[in-house]
Amino acid sequence: MLDRIRAIATKLSPRLIEIRRHLHSQPELSGQEYQTAAYVAGVLSSLGYKPQELVGKTGVVADLPGQNPDQGALAIRTDMDALPIRELSDLPFASQKRGVMHACGHDVHTTVGLGTAMIMAELDLPLPGPLRFIFQPAEETAQGARWMVADGVMAGVAAILGVHVYPSIPGGNIGIRYGALTAAADDLEIMIVGESGHGARPHEAIDAIWIAAQVITTLQQAISRTHNPLHPVVLTIGQIQGGRAPNVIADQVKLTGTVRSLHPDTHAELPAWIERIVAGVCQPYGAKYEINYRPGVPSVQNDPNLTQLTALCAEEILGQDQVQIILEPSLGAEDFSVYLDHAPGSMFRLGVGFVDQPNPPLHHPKFQVNEAAILPGIMTLAYAACRYWHEA
Ligand SMILES: [Zn+2]
Ligand SMILES: [Zn+2]
């Protein structure tokens, strides 16, 4: 089986590089992936799939039918959107759309999804259950996965696999992470409402700036004393607005920030915990407050069995020395987690680093991909799909 996968992948390699470069040169912003989706659907149709378009706004879904429709499906999810960044590379296939760039490697993800669909079509195996290819829009704005789920793509799905490129892992190597891969990322807005007054007569006013300063300090201190330090939380207030004049006591201050956490229990406690701290600071001084806590995407928690399946497949394909266990999670966010509310899943990291040149980070205008990563990514997913029903 593996030899066949390897042979097909090697044969397809020039075509896959061509696809990736085409996608790279034609990036589209989140929710506007019309050309990309049409291109993906075109490739899938040419392989004999019957892709559904305009799923989750601009997403594409295609199934490889299984022998038993009652068997749960295995889904493979890749994302298609680019970022509002002006590409600063001199690549011959650099972005042709000014101010838009595939700086997060989603061009590679889409190629990997298509390449896996090509291999599975050519293998033409009697799969026990359906294999579903999900090409998702708008990952960068953390909306696309919800759109896809709302349109029913997780109906009948028993497990889901995903992939993300990673510049600090050498090209073609694979990073495996057991447990938490990325963080939950929520938005926080706190309005402190005091009472205005003369700057010389603070006792007649309620100083919202002074109280806001204490709210920020107390939140940061309390994080270290009231949360399990093995369950990290990062709270960053990135914006603060308030006050009208140097000699007028401010009656309102607005604080906005982002809250990142890894452990689901900690994540669930955060809104009430923040409110307790803010209330405890405001009440003695008579200030009022309003808190708007907006949950973003949850943390990606990789399922142990599916993670082991991808690890075993990658090791067999690449050799153990090219498969690394990732020891630390990231506090970045990834909306792959939204699918995990519906089925267990696992996402692996695909190394796209260069040995001989430093690679700028994701979302950088000079970000580049080592294309040696494309075949290992495809072979790992195809092999995992072949083995999934037999080992589930
Ligand atoms: Zn990104
Ligand atoms: Zn990304």
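Give the residue, chosen from Ala384, Ala314, Ala373, Ala333, that is touching a residue at least 60 places away in the same chain (Cβ under 8 Å), buried (at least 20 other Cβ atoms within 10 Å of the Cβ) and within 30 Å of Glu275 (Cα to Cα).
Ala333
Report, by residue number, each residue of the range 343-365 that is more than 16 Å from ligand 1 (Cβ to nearest atom), touching a Phe, Trp or Tyr at 6+ places or on another chain (Cβ under 8 Å) and under 14 Å from Tyr166 (Cβ atoms).
Hits for the range 343-365 are Gly351, Gly353.
Can you go through Ala138, Ala183 and tell me which one is within 16 Å of ligand 1 (Cβ to nearest atom), in contact with a strand residue (DSSP E or B) (Cβ under 6 Å, 6 or more places away or on another chain) and over 24 Å from Arg15 (Cβ atoms)?
The match here is Ala183.
Could you tell me which of the residues Ile211, Ile192 is among the β-branched types (Val, Ile, Thr), in a strand (DSSP E or B) and buried (at least 17 other Cβ atoms within 10 Å of the Cβ)?
Ile192
Against the condition touching a residue at least 40 places away in the same chain (Cβ under 8 Å), out of contact with any Asp or Glu (no Cβ under 9 Å at 6 or more places or on another chain) and crowded, with 22+ Cβ neighbours inside 10 Å, how does Gly351 come out, does it pass?
yes
I need the full set of residues from the range 24-82 which are assigned to a strand (DSSP E or B), more than 26 Å from Thr310 (Cα to Cα) and within 16 Å of ligand 2 (Cβ to nearest atom), in order please.
Matches in the range 24-82: Leu29, Ala82.
Suppose the filter is within 16 Å of ligand 1 (Cβ to nearest atom) and outside any helix (DSSP H, G or I); does Ile85 pass it?
Criteria met by Ile85.
Which one of these does His106 not meet: (1) out of contact with any Lys or Arg (no Cβ under 9 Å at 6 or more places or on another chain); (2) within 23 Å of Gly345 (Cβ to Cβ); (3) touching a residue at least 60 places away in the same chain (Cβ under 8 Å)?
Just one mismatch for His106, condition (3).
Which of the residues belonging to the range 241-286 are acidic (Asp, Glu) and loosely packed, with under 13 Cβ neighbours inside 10 Å?
Asp265
For (1) within 27 Å of Asp186 (Cα to Cα); (2) in the same structural domain as Pro344 (by TED's automatic domain parsing), each residue gets a yes or a no:
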| residue | (1), (2) |
| --- | --- |
| Asp251 | yes, no |
| Ala279 | yes, no |
| Gln283 | yes, no |
| Gly286 | no, no |
| Pro304 | yes, yes |
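Identify the residue in the range 70-94 that is farther than 19 Å from Leu362 by Cα and surrounded by fewer than 21 Cβ atoms within 10 Å (Cβ to Cβ) and, among all such residues, is nearest to the chain's Cα centre (by Cα).
Per the criteria, the residue is Gly72.
Filter the range 237-248 down to the residues that are farther than 20 Å from Gly199 by Cα and either of a type outside the set (Val, Ile, Thr) or at pLDDT below 95 (or both) and list them by number.
Of everything in the range 237-248, those that are farther than 20 Å from Gly199 by Cα and either of a type outside the set (Val, Ile, Thr) or at pLDDT below 95 (or both) turn out to be Gly238, Gln239.
Filter the range 366-392 down to residues that are of a type outside the set (A, V, I, L, M) and under 19 Å from the mean Cα position of the chain (by Cα) and give me whichever is farthest from ligand 1 (Cβ to nearest atom).
The selected residue is Gly377.
Here is a yes/no grid of residues against (1) part of a helix (DSSP H, G or I); (2) surrounded by fewer than 24 Cβ atoms within 10 Å (Cβ to Cβ); (3) more than 14 Å from the chain's Cα centre (by Cα); (4) more than 16 Å from ligand 1 (Cβ to nearest atom):
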| site | (1), (2), (3), (4) |
| --- | --- |
| Gln96 | no, yes, yes, yes |
| Ala103 | no, no, no, no |
| Val108 | yes, no, yes, no |
| Gly113 | yes, no, yes, yes |
| Thr116 | yes, no, yes, yes |
| Glu122 | yes, yes, yes, yes |
| Pro126 | no, yes, yes, yes |
| Ala142 | no, yes, no, no |
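Considering only residues that are loosely packed, with under 12 Cβ neighbours inside 10 Å and over 24 Å from Val253 (Cβ atoms), which ones fall in the range 226-240?
Hits for the range 226-240 are Asn228, Pro229, Leu230.
Taking only pairs six or more apart or across chains, which ones have beta-carbon atoms under 9 Å, a first residue in the range 129-156 that is outside the structural domain of Met80 (by TED's automatic domain parsing), and a second residue that is modelled with pLDDT of 95 or more and in a helix (DSSP H, G or I)?
none
Being within 16 Å of ligand 2 (Cβ to nearest atom), of a type in the set (A, V, I, L, M) and assigned by TED's automatic domain parsing to the domain that holds Val112 narrows it down to one of Val338, Val323, Val355, so name that one.
Answer to the check: Val338.
The values are calculated or read from the model by the stated rules, or taken from the named source; none is laboratory data. Please read these numbers as outputs of a predicted model, since none were measured by experiment. Note: ideal-geometry Cβ built from the backbone for every residue, glycine included; neighbour counts use all protein chains shown.
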